[in-house]
Amino acid sequence: MDGKEENELLALSAVGILLGSLALMFLSMFYGGFVTMVLWNGIISPTFGFAQLSFFQGLGLDLFVSYLVYSSKKSRKVNNESIFIAFIEATVSTTLFWGMGSIIMLFM
């Protein structure tokens, strides 16, 4: 391979990483919004008599709370972990909360 082909391959891989990262980010956002909506409508709404949330209200609430929680952690170190590891951590923690909330909803 010459230098031009290597540069094109490098540019394509960078675009692929960017698009993959964006796809994982939106997927985890929508998953978090869905879980927030389900848990709110299953636990908070019947318990306290609040209105039920639509999907987009759940998404907005999830993004707002995530912003408050993560912006308060100012002492976080900058680390070089991949976006894939962050996606897995977010997905696993959201799934665990959904599972715990589903167990709670069984006894309501």
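Summary of computed values
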quantity: Square roots of five times the Cα gyration tensor eigenvalues for region 1-69, Å; calculated: 43, 9, 7
quantity: Helix 3-39 vs. the chain, principal-axis angle (Cα, 0 to 90°, nearest 10); calculated: 0 degrees
quantity: Gain in span if fully extended, Ala23 to Gln52, counting 0.36 nm per residue against the direct Cα distance; calculated: 7.6 nm
quantity: Cα centroid of region 83-108 to Cα centroid of region 18-64, whole Å; calculated: 12 Å
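Here, each number is a calculation from the coordinates, and none is a lab measurement. Owing to the predicted nature of the structure, the values given are computational and were not obtained by experimental measurement.
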